[in-house]
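Shown next, in structure tokens, is the structure this report addresses.
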């Protein structure tokens, strides 16, 4: 049990009324780190822990009763005592504002999970100032000490706070337990641990050539200003990487979390604080996206945008940053790193394994209600396979369980709610339009209900038009559009897949014929930044499949690889000469 003296000091999650704190509830205070000499940790050339492996995913199977019991206990911490109070965190100080925004449970929108303090313009400026004040000390902190914080945070999530992270993500973001386990536990831990390894490798890249009497070396400085991280609702792990990657490299961060993920994101920050993250390194400023961004982008020391969200928002930010560069507003050219939307495809070849391609398509389209930037949203099926393909797919779709994935009676549901009312309304409108469009036919699903939660049935729509808007527009929900092509037009359909949409994120080819695989891999080279052969278009794993797309899908900096870390450093090359000149003349001058 926690000691009484510890409980008195804890202010991590406060509520509208007093609560009884349980041992596993995340409770911590900011750490005031005593300044250290930066050379102390460099008395030896340290190596990161060897044998790095991806975090195992717990299955939460029928017999995993201990895991289920621990999860239920964590869920009650966030549901039984009223709305939690989520503050701003600026320079390590927790600041509660009168203006708050509720974070509702999308599975039960009458249930307010948290009242999230909203940052004012002055708060954003204070967060920027805190980031600047913390910058020098953090940038001079040894890599050993920076890495240790993220490695410890990873281990805390793997053990002490695993079920709390699951509960916060399931309740706030509508994930079922398995999707949450993949996201806010396994992938998040992998980001923190693999990034440490990637950073070590990056620091080790040094000039490969030198001359007699010279020592050439490179140092990887953090960016000169601060980083602005804008994080999405759909992956807690993405939020962790967007703030964690630049911070690991010695940068300080102003973090604007998604309003619909503030609970899990705040929980993550408190874990980082417990792991030893100094005050001011990451500053947490939930608030109006436009108002927060306007203040950030107006600051001279804005150094980088790390963004995951919609393509349209990213374009606006890109334009504003570029305009400010032209006006000489910034000290440097800001780095712009973004991962945005997708209209991801499955291409089924006549030689494909039918059942495997059906099940892969179902998972790719409807896992987490299709709310993944990599979700399968269009499928191209040959005429010869379509009758059986659609029969099997429709049959399997009818077996999908839908419910409140964080409710004790529905914890094993396959699908939950979509994230909020605007998303629900957008998807409902798309389904209603499909009922009236002569080029569209709803094959399966098509239902929706927001009376208690924001529920949308998995929906399969067939189109007769290979250029239809439903094959080009991202809905970000459980809507899959199918186009049936003549078997003889495999080559032509690849041209359509490549050209019909502006996106280039993920895509898959299903075929046993190796010539078909080779043709798809070549002809769809720029249609997907992550290309899958006989596998669904979702589920990239850190260290295994580096993730990101180009075209309108982002800057393709590959989260889950070392490439992305290079965007948050500015290299300085140093040449040290050991020889002294004895004359200014060249040898040719003595002729």
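Collect the residues in region 238-260 that are part of a loop (DSSP other than H, G, I, E, B) and more than 16 Å from residue 285 (Cα to Cα), keeping them in residue-number order.
249, 250, 251
Is it the case that region 417-432 has a residue that's over 21 Å from residue 179 (Cβ atoms), without any contact (Cβ under 8 Å) to a residue 40 or more places away in the chain and part of a loop (DSSP other than H, G, I, E, B)?
Checking region 417-432: not a single residue is over 21 Å from residue 179 (Cβ atoms), without any contact (Cβ under 8 Å) to a residue 40 or more places away in the chain and part of a loop (DSSP other than H, G, I, E, B).
Looking at this structure, is residue 296 touching a strand residue (DSSP E or B) at 6+ places or on another chain (Cβ under 6 Å), touching a residue at least 24 places away in the same chain (Cβ under 8 Å) and at negative phi?
Criteria met by residue 296.
Please pick out the residue among 499, 508, 451 that is more than 29 Å from the chain's Cα centre (by Cα) and modelled with pLDDT of 95 or more.
451
Of everything in region 557-591, what is farther than 22 Å from residue 188 by Cβ and free of Cβ contacts under 8 Å to residues at least 40 places away in the same chain? Give them in sequence order.
Once the filter is applied, which keeps residues that are farther than 22 Å from residue 188 by Cβ and free of Cβ contacts under 8 Å to residues at least 40 places away in the same chain, region 557-591 yields 580, 581, 582, 583, 584, 585, 586, 587, 588, 589, 590, 591.
Identify, from the list 367, 388, the residue that is under 30 Å from residue 80 (Cα atoms) and in a helix (DSSP H, G or I).
367
Need a quick list: helices (runs of 4 or more DSSP H) entirely within region 99-217 having at least 1 residues that are in contact (Cβ under 8 Å) with a residue 40 or more places away in the chain and under 30 Å from residue 571 (Cβ atoms).
121-140, 143-158, 188-203
Given the criterion in a loop (DSSP other than H, G, I, E, B) and surrounded by fewer than 16 Cβ atoms within 10 Å (Cβ to Cβ), identify the matching residue among 537, 451, 488.
451
Would you mind listing the strands (runs of 3 or more DSSP E) fully within region 293-355 where at least 2 residues are at pLDDT 95 or above and surrounded by fewer than 22 Cβ atoms within 10 Å (Cβ to Cβ)?
Once the strands (runs of 3 or more DSSP E) in region 293-355 are filtered for at least 2 residues that are at pLDDT 95 or above and surrounded by fewer than 22 Cβ atoms within 10 Å (Cβ to Cβ), what remains is 335-339.
Is it the case that region 222-245 has a residue that's over 25 Å from residue 562 (Cα atoms), out of contact with any strand residue (DSSP E or B) (no Cβ under 7 Å at 6 or more places or on another chain) and at pLDDT 95 or above?
No; the residues of region 222-245 include none that is over 25 Å from residue 562 (Cα atoms), out of contact with any strand residue (DSSP E or B) (no Cβ under 7 Å at 6 or more places or on another chain) and at pLDDT 95 or above.
Has region 581-588 got any residue that is in the same structural domain as residue 189 (by TED's automatic domain parsing) and outside any loop (DSSP other than H, G, I, E, B)?
Among the residues of region 581-588, not one is in the same structural domain as residue 189 (by TED's automatic domain parsing) and outside any loop (DSSP other than H, G, I, E, B), which makes the answer no.
Go through 377, 384, 408 for me and flag whichever is farther than 28 Å from residue 67 by Cα and surrounded by fewer than 21 Cβ atoms within 10 Å (Cβ to Cβ).
Step by step, each of 377, 384, 408 is checked, and only 384 is farther than 28 Å from residue 67 by Cα and surrounded by fewer than 21 Cβ atoms within 10 Å (Cβ to Cβ).
The values are calculated or read from the model by the stated rules, or taken from the named source; none is laboratory data. The structure displayed is predicted, hence computed values, not measured ones. Here Cβ is always computed from backbone atoms with ideal geometry, including for glycine, and neighbour counts include all displayed protein chains.
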